[in-house]
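Notes for the one structure printed next.
The values are calculated or read from the model by the stated rules, or taken from the named source; none is laboratory data. Keep in mind the model is a prediction, meaning the values are calculated, not measured. All Cβ positions, glycine included, derive from the backbone under ideal geometry; neighbour counts span all protein chains shown.
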Amino acid sequence: MFSRDDFSDNAPTVIKWIADYYTKLPELPVKSQVKPGEIYAQIAHQIPENGESFEEIIADVDRIILPGITHWQHPNFHAFFPANGSIESLFAEMITAAIGAQCMIWETSPAAAELEQRMMEWLRDAMKLPKMWEGVIQDTASTATLTAIICAREIATNFRSNDYGVPANLRVYCSTETHSSIEKAVGIAGIGRKNLVKIAVDEHGAMIPALLEQAITEDMENGKKPCCIITALGTTGTVAFDDNEAIGQIAQKYGCWLHVDAAYAGSAQLLPENEWMNKGLAYADSYVFNPHKWLFTNFDCTAYFVKDVSILLKCMEILPEYLKTKTRGQVNDYRDWGIPLGRRFRALKLWFVLRHYGLATIQQKLRKHLLFAKQFSVFVENQPKLRLVVGPTLNFVAFRIGGEGKNVAEIEAINQKSKSLLEAINTTGKAYLSHTKKDQYYLIRVVFGQTYLNEKDFENLCRVITDLLE
Ligand SMILES: *Cc1c(COP(=O)(O)O)cnc(C)c1O
């Protein structure tokens with residue numbers, strides 16, 4: 001067991017481990033190649049009776065743990081959406097862990113609360129989000145969306161559901177393309193997953209507003225109570241954008257809460273050329289985006305913004321005697337701004353990143369990612385065996401094996417080839433991509449969001465693919 005005096009002597013071991021990890025990272029297989037149960041079998045069956053040496057533990061990180069890690073910070077991790085980090089963010093996390101504060105209320109660390117307030121203002125203003133919005137950091141977009149749905153539920157039931165339970169007639173709307181966290185949240189909020197109405201999308205993957213309005217009016221005729229509409233700015237499958245202006249007007253007309261899920265694409269709003277993404281946001285009651293996806297701030301860090309914070313407080317506040325403080329009302333007690341009581345000090349890493357990078361460098365990095373997506377689209381178009389299907393949309397591209405299937409069997413044959421190509425790419429260990437489905441076709445998705453991605457890594461990816469196509 002260490003005493004505090006042992007810190008200085010042992011910290012270099014950990015720092016060296018991290019430095020070595022960064023050095024060898026580009027050579028490690030991006031996607032872990034282990035079989036189910038392989039890691040579990042190597043871990044001792046119980047707590048050791050006597051403490052073991054730190055050297056042994058670190059050696060086991062290399063021996064047991066690393067082979068079972070999928071390297072999210074690898075430059076050729078292009079799967080799902082990124083969860084990128086940075087040295088700045090890592091350093092802040094070290095300090096955060098050292099301080100080890102639990103930031104549930106202002107008094108339990110005033111700096112954490114006030115830095116969080118300022119960081120949310122920084123993001124709001126740099127992203128040109130509506131000036132009156134106020135923000136709070138949450139753990140994930142899933143939690144933020146659940147919070148939004150609960151607020152919508154309370155508004156629709158005159159703030160009675162928290163006390164008396166949820167009536168069975170509430171309805172929530174989103175498109176068929178929106179994220180699974182919405183369906184999960186509608187269930188958890190007690191509204192019932194069967195009361196989530198999924199609206200069809202157009203050829204660009206955007207919700208069709210006329211169909212939304214039709215679903216709402218039909219529901220009302222049937223005694224249902226529309227309470228919440230959730231739009232996506234950047235869907236998970238193919239990065240599609242719902243029209244917040246048209247849908248916002250419908251939300252207003254029928255008295256529905258409008259929640260905007262920009263979990264991944266929100267970062268792009270830091271670029272003035274993407275101001276089109278802000279269209280209609282004035283209608284939104286709440287909005288979420290993840291700095292932990294594409295803003296160089298390691299997981300977890302979710303920015304949740306609301307138009308009227310008093311509603312959020314009314315839904316989330318619960319005040320036992322032991323949490324009453326003298327400063328209530330003068331300061332932000334963030335435990336009232338979300339679901340968990342306990343909160344990590346997450347603002348510090350945002351401050352380190354935003355301050356040490358500066359807006360200009362952040363914009364430069366984001367633009368570089370957008371450029372990689374453009375170049376990759378050209379690469380795909382130049383491959384006779386491939387077909388570019390989506391993008392470049394921001395830093396996203398989706399493609400498949402070429403050819404036009406005239407019937408189900410032919411489409412399935414093409415899909416099998418696309419699937420085999422993806423598996424082959426991932427098995428090389430040199431790159432990690434993931435997939436989605438659109439119009440019956442299996443698509444390979446590529447996202448360019450790694451913090452330290454450079455031209456050489458880009459060429460690696462292209463080489464892996466061309467080698468496999470030969
Ligand atoms: C990633 C993602 C989510 C879920 O984010 P978590 O922070 O992991 O909960 C929700 N919506 C969209 C559009 C996403 O891309």
(request) Output the qualifying pairs, or none if there are none: Cβ atoms under 9 angstrom, residues six or more apart or on different chains, first residue in the stretch 30-47 and without any contact (Cβ under 8 Å) to a residue 12 or more places away in the chain and surrounded by 14 or more Cβ atoms within 10 Å (Cβ to Cβ), second residue part of a loop (DSSP other than H, G, I, E, B) and of a type in the set (F, W, Y). (result) none
(request) Pull up the stretch 103-119, narrow it to residues that are closer than 28 Å to N162 by Cα and touching a residue at least 12 places away in the same chain (Cβ under 8 Å), then point me to the one that is farthest from the ligand (Cβ to nearest atom). (result) E107
(request) Within the stretch 228-279, track down each residue that is assigned to a loop (DSSP other than H, G, I, E, B) and more than 14 Å from the ligand (Cβ to nearest atom). (result) D243, Y254, G255, C256, L271, K279
(request) Would you point out which residue out of V378, V390, V309 is closer than 30 Å to V464 by Cβ, in contact (Cβ under 8 Å) with a residue 12 or more places away in the chain and among the β-branched types (V, I, T)? (result) V390
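Looking for something buried (at least 18 other Cβ atoms within 10 Å of the Cβ), in contact (Cβ under 8 Å) with a residue 40 or more places away in the chain and not aliphatic (A, V, I, L, M) - is there at least one such residue anywhere in the stretch 406-416?
Our first condition is that a residue be buried (at least 18 other Cβ atoms within 10 Å of the Cβ); within the stretch 406-416, this holds for 414-415.
With the extra rule that they be in contact (Cβ under 8 Å) with a residue 40 or more places away in the chain, the set shrinks to none.
No, there is no match, as no residue in the stretch 406-416 is buried (at least 18 other Cβ atoms within 10 Å of the Cβ), in contact (Cβ under 8 Å) with a residue 40 or more places away in the chain and not aliphatic (A, V, I, L, M).
Does V397 meet the test of being under 21 Å from P82 (Cα atoms), surrounded by 17 or more Cβ atoms within 10 Å (Cβ to Cβ) and in contact with a Phe, Trp or Tyr (Cβ under 6 Å, 6 or more places away or on another chain)?
Values: under 21 Å from P82 (Cα atoms): yes; surrounded by 17 or more Cβ atoms within 10 Å (Cβ to Cβ): yes; in contact with a Phe, Trp or Tyr (Cβ under 6 Å, 6 or more places away or on another chain): yes.
For V397, the condition - under 21 Å from P82 (Cα atoms), surrounded by 17 or more Cβ atoms within 10 Å (Cβ to Cβ) and in contact with a Phe, Trp or Tyr (Cβ under 6 Å, 6 or more places away or on another chain) - is met.
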(request) Check T23, T13 and return the single one that is exposed (fewer than 10 other Cβ atoms within 10 Å of the Cβ) and among the hydroxyl-bearing types (S, T, Y). (result) T23
(request) All but one of (1) under 16 Å from V309 (Cβ atoms); (2) hydrophobic (A, V, I, L, M, F, W, C); (3) touching a Lys or Arg at 6+ places or on another chain (Cβ under 7 Å) hold for A152, so report the exception by its number. (result) (3)
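So, restricting to strands (runs of 3 or more DSSP E) that lie completely within the stretch 366-470, which ones have at least 3 residues that are more than 24 Å from Q33 (Cβ to Cβ) and hydrophobic (A, V, I, L, M, F, W, C)? It would help to see each step written out before you state the result.
Numbers: elements: 386-393, 396-401, 434-438, 441-447.
The strands (runs of 3 or more DSSP E) meeting that bar are 386-393, 396-401.
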(message) So N195 passes all but one of these: (1) more than 16 Å from R124 (Cβ to Cβ); (2) within 16 Å of the ligand (Cβ to nearest atom). Which condition number does it fail?
(response) (2)
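In the stretch 105-122, how many residues are under 28 Å from K184 (Cβ atoms) and either modelled with pLDDT under 95 or buried (at least 23 other Cβ atoms within 10 Å of the Cβ) (or both)? Outline the logic, then answer.
In the first step, residues of the stretch 105-122 are kept if they are under 28 Å from K184 (Cβ atoms); the result is 116, 119-120.
Now drop any that are not either modelled with pLDDT under 95 or buried (at least 23 other Cβ atoms within 10 Å of the Cβ) (or both), which leaves 116, 119.
Selection size over the stretch 105-122: 2.
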(request) Tally the residues that are closer than 19 Å to Q249 by Cα and in a strand (DSSP E or B), restricting the search to the stretch 188-227. (result) 8
(message) Here is a check on your reading of the model: is E93 in a helix (DSSP H, G or I), touching a Lys or Arg at 6+ places or on another chain (Cβ under 8 Å), more than 16 Å from the ligand (Cβ to nearest atom) and farther than 21 Å from L312 by Cα?
(response) yes
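Report the residue count in the stretch 240-256 for those that are of a type in the set (S, T, N, Q) and over 23 Å from the mean Cα position of the chain (by Cα).
Of the residues in the stretch 240-256, 2 are of a type in the set (S, T, N, Q) and over 23 Å from the mean Cα position of the chain (by Cα).
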(request) For the stretch 210-234, enumerate the residues that are under 25 Å from the mean Cα position of the chain (by Cα) and within 29 Å of A168 (Cβ to Cβ). (result) C227, C228, I229, I230, T231, A232
(message) Given the options A97, A59, name the one that is loosely packed, with under 12 Cβ neighbours inside 10 Å, closer than 25 Å to F296 by Cβ and at pLDDT 95 or above.
(response) A97
(request) Kindly establish whether G342 is assigned to a loop (DSSP other than H, G, I, E, B), over 27 Å from H78 (Cα atoms) and away from the ligand (no atom under 16 Å from the Cβ). (result) yes
(request) Enumerate the pairs (first residue in the stretch 334-358 and of a type in the set (V, I, T); second residue anywhere and at pLDDT 95 or above and surrounded by fewer than 20 Cβ atoms within 10 Å (Cβ to Cβ)) with beta-carbon separation below 7 Å, excluding pairs fewer than 6 apart on the same chain, so at least 6 apart or on different chains. (result) I339/T143
(request) Take the residues in the stretch 131-180 that are without any contact (Cβ under 8 Å) to a residue 60 or more places away in the chain and closer than 29 Å to E114 by Cβ, then tell me which one is nearest to the ligand (Cβ to nearest atom). (result) S142
